[in-house]
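See structure below.
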Amino acid sequence: MMKKMTAMLLSLLMLLTASFALAEEDGTQITVQGTATVTAAPDIVSVMANASITADTVSEAQEQMNAIITDVTGKLIELGVAQEDIITQNYSYYPTYNYEGEKRTLTGYQANHTLQITCRDVEMLDSVVGVVTDSGMSEIYGISYDVSERASLYQDALALAIETTQAKADKMAEASGKTITGLVELRENGGYDRGITVNALEDGAMMSAPAEADGTGIRAGSVSVTASVTAIYGAKGE
């Protein structure tokens, strides 16, 4: 297997070297960029939810917060969310003060706990939102959709981007009265993804929702993955 791969690499190297030599003889190179995007229906949805508690002491705030998180986590697992898909993104406690008068007065403590909840079934969205809000996590920062086969989609986009460079180079060579002699260099520019994100108001009311799911009015739409490459082709006159 290694010998076969080595032979293929040597063949490719010889081809590139020959192409480069032809380009050097004529002194012409054509540089093009190719970009391609593939889309897919999402099969993952994530919810970012926060619980906020105010109490007289740190211990009271912590006790109330622990009760909320324990309740939410238990109900989410009952729904079918995997425990490893319920992740703490933020956990904080800080004092609150009254600034009226000549000096500030301690009024209590604010506690915040933010969870990122990932569902491997997008149909669970309504149930998850209902659980987190009913259990006391009244702030939903955002809902985002994704695809589990993102790497595979990127490879598809990359192949299409490379095909695009070939088509562009052929057209440019034809327009200038030349023909392509071969590929001299190919560089990956880096891919970028475009997922679907829905923001939410702090009271849990959905905002900017692209619309449709029975309980939330949210429709997933599609997830796009884009790849871009730069290719340099050698060319010679007719």
Checklist entry - For T107, are the conditions met, namely being open to solvent by 70 Å² or more (accessible area, probe 1.4 Å) and of a type in the set (V, I, T)? => result yes
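Conditions tested, residue by residue: (1) modelled with pLDDT of 85 or more; (2) surrounded by 17 or more Cβ atoms within 10 Å (Cβ to Cβ).
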residue	(1), (2)
E163	yes, no
S176	yes, no
E188	yes, no
R194	no, no
A200	no, yes
A205	no, no
A209	no, no
D214	no, no
A231	yes, yes
Next on the checklist: For a quick check of your reading of the model, give me the residue pairs whose first member lies in the range 106-128 and is closer than 18 Å to T73 by Cβ, whose second is of a type in the set (K, R) and not in a strand (DSSP E or B), with beta-carbon atoms closer than 9 Å and at least 6 apart or on different chains.
Outcome noted: none
Checklist outcome for this item: Across (1) touching a Ser or Thr at 6+ places or on another chain (Cβ under 6 Å); (2) not in a helix (DSSP H, G or I), A161 clears everything bar (2)
Checklist entry - If the Cβ limit is 7 Å and pairs must be 6+ apart or interchain, which residue in the range 67-79 that is buried (at least 17 other Cβ atoms within 10 Å of the Cβ) pairs with which residue that is among the hydrophobic types (A, V, I, L, M, F, W, C) and part of a helix (DSSP H, G or I)? => result V72/V131; V72/V132; K75/V131; L76/V128; L76/V131
Checklist entry - Does Y97 satisfy the criteria of being part of a strand (DSSP E or B), in contact (Cβ under 8 Å) with a residue 12 or more places away in the chain and open to solvent by 30 Å² or more (accessible area, probe 1.4 Å)? => result no
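The values are calculated or read from the model by the stated rules, or taken from the named source; none is laboratory data. The structure presented is a predicted model; accordingly, all values stated were derived computationally and were not measured. All Cβ positions, even for glycine, are placed from backbone atoms using ideal geometry, and neighbour counts span all protein chains on display. The accessibility values were calculated without ligands, DNA or RNA, using every heavy atom of the protein model including side chains. Shrake-Rupley method; radii C 1.70, N 1.55, O 1.52, S 1.80 Å.
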